[in-house]
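Since the structure comes first, as structure tokens, the remarks are kept for the end.
The values are calculated or read from the model by the stated rules, or taken from the named source; none is laboratory data. Everything quoted here is computed from the prediction, not taken from an experiment. No Cβ is skipped: glycine too gets one built from the backbone with ideal geometry, and neighbour counts run over all protein chains shown.
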Amino acid sequence: MRIRTLKLSDGIAIVLAVVLFSSCSSDQSNSNTPAASESPATAESTPQASPQTGFERDLQYVKNGQYTYIWVFSRKDGQPLNSLDSIFLRTNAPQVVDWVITDGGKKVIAGTNFNLEEGNLGVLKKRFNAEDYTGK
């Protein structure tokens, strides 16, 4: 049995044949794209949603937790929450499952299945602004 070795010219010929053969095949994947002469006004466009703010994104995160009640707390003086504020909130609302600090540390979103109005909401309202986002 005789083994034939390929010459460089044979290898080039094979590669060239493969390239030519593959370029001749019809490619249907680009048939649905608009022609280059078509103006952008005639091409279909979808409206872009405006990007969510950090607060909106964090609120959606808590909403996705499917909590019965969602509250947003912030300091009455508008300053960012500090560690003492966090301790106060966690101590007086131990039923809250999710705490998400947002809005540059100025707000915290609370997700719970417990009605805080039956708990210490009055105590929390003395120190913080409390906004009920349940169902919003």
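Computed values, structure above
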quantity: Given (1) modelled with pLDDT under 95; (2) surrounded by 11 or more Cβ atoms within 10 Å (Cβ to Cβ), index of the condition L16 fails; calculated: (2)
quantity: Condition met for S83 (on the phi < 0 side of the Ramachandran plot, at pLDDT below 65 and out of contact with any Cys (no Cβ under 6 Å at 6 or more places or on another chain)); calculated: no
quantity: Residues that are part of a loop (DSSP other than H, G, I, E, B) and either free of Cβ contacts under 8 Å to residues at least 40 places away in the same chain or under 17 Å from G119 (Cβ atoms) (or both), drawn from the stretch 56-76; calculated: N64, Q66, Y67, T68
quantity: Where W99 falls short, out of the listed (1) at pLDDT 95 or above; (2) loosely packed, with under 11 Cβ neighbours inside 10 Å; calculated: (2)
quantity: Residue selected from the stretch 52-75 under the condition in contact with a Lys or Arg (Cβ under 7 Å, 6 or more places away or on another chain) and among the β-branched types (V, I, T), by the criterion surrounded by the most Cβ atoms within 10 Å (Cβ to Cβ); calculated: V72
quantity: From F88, F114, residue being of a type in the set (F, W, Y), more than 21 Å from G54 (Cα to Cα) and part of a helix (DSSP H, G or I); calculated: F88
quantity: In the stretch 118-136, the residues that are surrounded by 13 or more Cβ atoms within 10 Å (Cβ to Cβ) and either small (G, A, S) or part of a helix (DSSP H, G or I) (or both); calculated: G119, L121, V123, L124, K125, R127, A130
